[in-house]
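Following: one structure in structure tokens, then a few remarks.
Every read-out reported here was derived from the displayed coordinates using simple, explicitly stated rules and does not represent laboratory data. Since this is a predicted model, take the numbers as computed values, not measurements. Quick reminder, even Gly has a Cβ in these numbers, built from the backbone with ideal geometry, and neighbours come from all protein chains shown.
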Amino acid sequence: MSGEIDEGCSGEVGESCGIVGVVAEEAARLAFFGLFALQHRGQESAGIATLDAGSMHLHKDVGLVSQVFRGENLTTLVGKIAIGHTRYSTTGKPSARNAQPFVIDTQFGPLALGHNGNIANAPALRKELLARGLGLMTGSDSELLAMMLAGTPGKNWTERIARAMRSWVGAYSLVLLTREGLFAVRDPWGYRPLAWGRIDSGGWAVASETSALRVMGCSGFEEIPPGTILHFDERGLVERARADIEVPQAACSFEYVYFSRPDSVWNGRNIHAVRRRLGELLAEEAPAVADLVIPVPDSSIAAAIGYAQKSGIPFGEGLVKNRYIGRTFIEPTKALRRQGVALKFSPLKETLEGARIVLVDDSIVRGTTTAPIVALCRNAGAKEIHLRIASPRILHPCYMGVDMGAEQDLVAVGREPAEIAAMVGADSLAYLSLEGLSRAIGVEGLCRACFDGNYHIPVDEGFTKECFEGFGRGTI
């Protein structure tokens with residue numbers, strides 16, 4: 001992943017994707033509601049596939065969920081089983097041909113696939129498929145999963161999925177649609193969240209986050225364990241299987257810091273509560289003398305509340321976010337990127353003027369938009385700006401589906417906090433410690449590789465976002 005995004009992390013890190021699955025009347029419409037609730041996870045493209053009388057129906061395109069789907073195209077997505085996907089590109093360009101779900105014909109019937117994550121051994125898998133004479137149409141690692149499933153033997157789809165999982169190394173939460181029904185799959189490391197619930201009005205739903213399940217009408221939910229395959233049809237949950245793969249757990253710590261909605265639950269931990277705890281521990285580790293604690297909205301609000309409560313410094317709203325700005329597909333020039341921050345945030349001069357503030361953000365990745373945010377506060381009259389980051393320094397790129405760029409893109413590499421503070425115009429800068437991060441999350445088996453370089457799986461440093469794009473620079 002490589003583009004800049006308009007949400008959180010000072011706009012410096014790309015979202016993960018969002019996936020849903022539904023078995024119910026008006027499945028496509030419920031899938032649309034679920035994707036809308038997961039819009040924060042991906043803003044490049046969206047798609048829904050449905051199954052009706054053994055036939056697949058598909059609509060997908062670039063754009064936000066509300067732009068891709070209208071009443072007229074939702075009515076063509078007939079059937080009681082659906083899967084949906086909203087994308088931020090982890091492998092492959094943000095183009096229509098890389099949009100998901102992928103739908104292919106196989107010897108076992110049609111297959112639709114939606115993927116959240118990144119396959120670390122995708123280069124080797126792609127080479128293997130091409131050597132077998134198979135044609136590939138996209139630059140996405142997700143297509144590789146669909147093609148491998150199409151060629152995997154087995155008496156049913158559950159068996160084929162379990163066999164194929166032995167070859168997949170990396171992060172993958174999947175929804176699959178076949179004539180046998182809906183399948184939900186989590187990688188054995190448990191990198192990305194996935195949960196399911198029963199729809200109160202009748203039916204079943206699967207989603208990347210529990211908050212989306214509530215939007216689709218589920219009053220309760222169950223998190224899908226790592227390495228698990230669930231099979232649903234119109235009767236409900238008909239099969240639960242587990243791939244025979246023993247690996248250490250590696251839940252992405254960045255889901256807690258930034259990706260997930262605050263009203264979601266993952267590994268039994270409410271995201272809002274975790275973020276407040278991040279802020280509390282940050283206040284203990286990095287106190288400041290100030291008049292107000294100001295969050296960078298939205299994903300830093302809970303951490304700022306925690307910092308304010310622990311420190312005793314009043315919480316204040318100093319930046320107002322324009323929540324109607326989505327991702328733009330017209331890339332701005334470098335000269336206009338700084339102005340883009342002013343489109344997203346407006347400073348409250350009455351709050352900031354003459355104040356010493358603790359400015360809380362969830363993370364700093366590249367540092368490209370932190371300086372403009374600090375400048376907004378400074379120009380609005382803030383007397384002192386003490387930047388506090390509710391996560392550790394990011395020193396290593398992510399290969400599990402988080403857009404952090406290469407190591408040379410990371411502002412903290414080779415720089416101490418005081419130097420970064422001077423670069424972004426803050427009076428001081430401090431990060432939460434690794435120990436504080438782990439204490440706040442309180443979950444065994446975390447992936448903290450972007451902070452400490454301890455990757456749970458082998459990574460290929462030459463595997464970049466667009467390394468599979470062989471169709472030239474145009475968009476297909």
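Annotations
- Where both bridge residues fall in segment 272-441, DSSP classifies roughly 15% of the beta bridges as antiparallel.
- For the pair segment 148-209 / segment 52-73, the C-alpha centres are spaced 21 Å from each other.
- Shape category assigned to segment 9-250 from the gyration tensor of Cα positions, a/c cut at 1.5: rounded
- Student exercise, the chain dipole from Lys, Arg, Asp, Glu Cβ charges, in Debye to nearest 20: 420
- Modelled FRET efficiency - R0 22 Å, residue 159 with residue 219, Cβ distances, 0.05 increments: 0.10
- Each principal axis of segment 272-441 carries a Cα extent, and these read 43, 37, 30 Å when sorted largest first.
- In sequence order, segment 186-202 has phi-based couplings of 10, 5, x, 7, x, 4, 10, x, 6, 9, 9, x, 8, 6, 4, 7, x Hz under the Karplus curve 6.51 cos²θ - 1.76 cosθ + 1.60, θ = phi - 60°, and Gly or Pro positions carry x.
- Theoretical FRET efficiency, 1/(1+(r/R0)^6), r = Cβ-Cβ of residue 246 and residue 78, R0 56 Å, to 0.05: 0.85
- Toward the positive end of the charge dipole of the chain, with +1 on the Cβ of Lys and Arg and -1 on the Cβ of Asp and Glu, the farthest Cα among 211, 243, 112 is that of 112.
- Correct choice for semi-axes √(5λ) of the Cα gyration tensor in Å that was computed from the model, options (i) 38, 22, 21; (ii) 35, 27, 20; (iii) 40, 27, 20: (i)
- R0 of 45 Å, Cβ-Cβ distance residue 323-residue 434: FRET efficiency to nearest 0.05: 0.90
- The C-alpha atoms of segment 357-442 occupy a region whose extents along the principal axes are 40, 29, 21 Å, arranged from largest to smallest.
- Between helix 141-150 and the chain there is an angle of about 20 degrees, using the helix long axis and the longest principal axis of the Cα atoms.
- Relative contact order for the chain: 17 percent, from Cα pairs under 8 Å spaced at least 6 residues apart, divided by residue count.
- Dipole magnitude of segment 272-441 about its Cα centre (Cβ charges: Lys, Arg +1; Asp, Glu -1), debye to nearest 20: 400
- Cα-projected label distance for residue 66 with residue 423, points at 7 Å along beta-carbon direction, nm: 3.6
- Under 22 Å between alpha carbons - lysine pairs in the chain that sit 8 or more apart or on different chains: 14
- Cα-based helix-to-principal-axis angle, 334-344 vs the chain, degrees rounded to 10: 90
- Cut-off under 5 Å, modelled amide H: who pairs with residue 319 long-range: 348
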